[in-house]
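Participant: Below is one structure. I have some questions about it.
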């Protein structure tokens, strides 16, 4: 379970969001500039709320009244960005283990094998990232986040930079990740079709505030078309 109740002033823009995510995948939907990434950055610990509360399961990671702000590297939250942000001077294998090492997570061979198999990246391990397609890069970025053994996975428009063919290639891996990895996810997108296929619940964000929240199919059918760019 993810509980979020935060307020943040960013210049002339305000993010004020409250929701509790209980499904395997909670979607964040809204137009570009709605505040989705700012919200995800607060969950990740990269941005500190001016006031509010964030809890992942039973662990409080932000509570401004109690003076709690757990730093990002101690939250055990994996973060996958729109651009995979792989290191070009490292092999795929070295990229996979970078996040685990930086967060002090011990090497678990069985877990690594499961992640590599889940994402079908075994044949890529010795390649340099410059040799990968966009879809392959995103699968490696997902693998790197999973090897951290996160308790929550944040995906900020992971298909946003891909063309339709690459999106069709990687979406089945995201569905498989949802069904088999056992890690709750927050999935950010401005594409209602992605969220219909992936999310159980959807939070619709408009101008930094919650415009709707509930079952993905019903919310997206009734509300989301108003917010598409």
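Since every read-out is calculated from the coordinates, none of them should be taken as a lab result. Quantities reported herein were computed from a predicted structural model and do not represent experimental measurements. FYI the Cβ positions are ideal-geometry reconstructions off the backbone, even for glycines, and counts take in every protein chain you see.
Participant: At 7 Å along the Cα-to-beta-carbon direction for both residue 163 and residue 89, put a label point, then send me their distance in nm to one decimal.
Facilitator: 3.2
Participant: Taking only Cα atoms, what is the 0 to 90° angle, nearest 10, from helix 134-147's long axis to the longest principal axis of the chain?
Facilitator: The answer is roughly 80 degrees.
Participant: Separate question: Most exposed first by the Cβ proxy, i.e. fewest other Cβ within 10 Å, how do 100, 114 rank?
Facilitator: Details: 100 20, 114 14.
In order of increasing Cβ crowding within 10 Å: 114, 100.
Participant: Using alpha carbons only, how many degrees (0 to 90, rounded to 10) separate the axis of helix 109-119 from the longest principal axis of the chain?
Facilitator: 70
Participant: Using only alpha-carbon positions, what ratio does the radius of gyration of the range 166-218 give when scaled by 2.2 N^0.38 Å?
Facilitator: 1.21
Participant: Any idea what angle helix 164-180 forms with the longest principal axis of the chain, computed on alpha-carbon atoms, 0 to 90 degrees, nearest 10?
Facilitator: So the inclination is approximately 80 degrees.
Participant: Of all DSSP beta bridges located in the range 2-227, what percent are antiparallel, nearest 5? Spell out each step's value before the answer.
Facilitator: Details: 28 of 46 bridges.
Around 60 percent of the beta bridges assigned by DSSP in the range 2-227 are antiparallel ones.
Participant: Right, here's the next one. Would you mind telling me which residue in 136, 16, 169 has the biggest mean-square fluctuation in a Gaussian network model of the chain, where springs connect alpha carbons within a distance under 10 angstrom?
Facilitator: Maximum among the listed residues: 169.
Participant: Could you please rank 189, 164, 133, placing first whichever residue has the fewest other Cβ atoms within 10 Å of its Cβ? Walk me through the numbers before you get to the answer.
Facilitator: On the way: 189 22, 164 8, 133 14.
Going from least to most buried by this count: 164, 133, 189.
Participant: Remind me, relative contact order of the chain in percent, using alpha carbon pairs under 8 angstrom and six or more residues apart?
Facilitator: Working: 444 pairs, mean separation 67.3, N = 229.
This gives 29 percent for the chain.
Participant: Counting other beta carbons within 10 Å of each residue's own, what order do 223, 205 fall into, fewest first?
Facilitator: Details: 223 18, 205 26.
In increasing order of surrounding Cβ atoms, one gets 223, 205.
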